[in-house]
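Engineer: Take a look at this one; I'll ask things after.
We did not get these values from a lab; they are worked out from the coordinates using the rules stated. Model, not experiment: these values are computed from the prediction. A quick note on method: Cβ atoms are made from the backbone with ideal geometry, for glycine too, and the neighbour counts reach across all protein chains shown.
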Amino acid sequence: MDKPKKKRKRTLAQGNAIAGYLFILPFILGFILFMIIPLGQSLMMTFNDVSPQSGGFSMTWVGIKNYKDAFMVDAEFVPTLLSEITKMLINTPATLIFSFFIALILNQNFKGRGLVRAIFFLPVILSSGVIVGIEYNNDLLNDMKDVISETSNDASVTGVLEDILVTSANSPMSRLFEYVFNIINQVYDIAIASGIQIIIFLSGLQTISPSMFEAAKIEGCTAWESFWKITFPMVSSLILVNVVYTVIDFFLKTDNNVMAKISTEVGKTSYGFASAMAWVYFVCVALILGIVALIISKRVYYYE
């Protein structure tokens with residue numbers, strides 16, 4: 001008689017993998033049903049002259065004409081795209097440094113820590129949903145911003161320091177100070193964009209065992225050495241996550257000039273031209289993410 005086959009036991013890793021796939025299954029189905037088809041249609045539009053008709057669109061094949069128009073005919077697209085990429089290169093490091101610094105502070109034990117954490121998470125709420133429209137279309141907030149801009153004149157402390165330190169445009173130190181003052185002038189935008197990154201860094205800091213710091217202290221490590229030898233390597237994997245999130249979040253902001261340019265062309269019913277610009281924008285973002293991920297992944301420390 002044949003012996004009954006024993007059932008193969010499922011390992012913990014396999015169970016976790018199955019559970020993970022079940023959790024992301026709604027997203028996968030939604031992406032296939034609601035994203036793949038529109039992406040294919042928009043890519044097809046980039047090679048056609050699209051005209052709206054009753055009940056649909058009519059397409060006339062034009063090849064790469066829409067891409068040529070985006071780079072060679074339209075005078076605004078390329079400068080706007082380069083400007084937004086430059087702003088991203090400035091804001092992303094500043095956002096990561098700011099969020100990591102705040103996470104280090106919030107990871108300390110002090111009274112009212114929960115309240116302070118809630119305050120730093122408020123930008124996430126303020127930058128989501130309907131609140132975005134309130135923030136950018138509120139007359140009171142716009143008036144307050146104008147008042148702040150008017151009061152932040154050359155007579156202010158930062159204005160005087162900027163005039164003193166930014167002396168020569170060709171000097172490396174002058175360019176460094178110009179970069180720092182540019183970050184200071186955008187501190188509001190940086191703080192608004194740092195909520196999620198702070199939470200991610202804070203969650204990583206809380207996973208570090210206190211025994212590691214105790215052992216390092218017994219060995220004679222200073223707080224500075226413990227930071228570079230323990231804290232920073234342990235959260236280095238989260239730096240890659242936050243970089244990807246920050247870059248994507250920056251390129252999808254409601255005040256992004258490239259997105260506004262594409263929306264304007266859609267309003268003019270230039271669907272083919274708008275789709276071409278959108279795909280160029282998408283490819284640029286994907287290339288930037290790929291380069292950044294390739295560079296940072298070589299320096300990331302993973303531990304179990």
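Engineer: Kirkwood hydrodynamic radius for segment 196-304: how many Å is it when counted over pairs of different Cα atoms?
Structural biologist: One decimal place: 16.9 Å for the Kirkwood radius.
Engineer: Compute the semi-axes of the equivalent ellipsoid of segment 33-99, taking the square root of 5 times each eigenvalue of the Cα gyration tensor, and list them largest first in whole Å. Walk me through the intermediate numbers first.
Structural biologist: Numbers: eigenvalues 222, 71, 17 Å².
Ellipsoid half-lengths, sorted descending, are 33, 19, 9 Å.
Engineer: Please sort 69-82, 268-281, 93-106 by packing, taking for each peptide the average over its residues of neighbouring beta carbons within 10 angstrom, highest first.
Structural biologist: The peptides rank, most packed first, as 268-281, 93-106, 69-82.
Engineer: Of 68/261; 111/229; 229/298; 68/253; 217/298, which ones are farther than 22 Å apart at the Cα?
Structural biologist: Details: 68/261 17 Å; 111/229 28 Å; 229/298 17 Å; 68/253 26 Å; 217/298 29 Å.
In this structure, 111/229; 68/253; 217/298 exceed 22 Å between Cα atoms.
Engineer: Once amide H atoms are placed 1.01 Å from N in the peptide plane, what residues at a sequence separation of 5 or more from residue 48, or on another chain, have their amide H within under 5 Å of its amide H?
Structural biologist: Amide H to amide H, under 5 Å and 5 or more residues apart or across chains, residue 48 pairs with 62.
Engineer: Now for a separate question. Across segment 223-234, in residue order, what do the Karplus-derived ³J(HN,Hα) couplings come to in whole Hz, using 6.51 cos²θ - 1.76 cosθ + 1.60 with θ = phi - 60° and x for Gly and Pro?
Structural biologist: 4, 5, 5, 5, 5, 7, 9, 10, 4, 5, x, 5
Engineer: Please list 3J(HN,Hα) in residue order for segment 112-118, calculated via the Karplus relation 6.51 cos²θ - 1.76 cosθ + 1.60 where θ = phi - 60°; whole Hz, with x for glycine and proline.
Structural biologist: x, 4, x, 5, 5, 5, 5
Engineer: Using the basic label-point model (7 angstrom from Cα toward the beta carbon), what is the residue 266 to residue 68 distance in nanometres?
Structural biologist: 2.7
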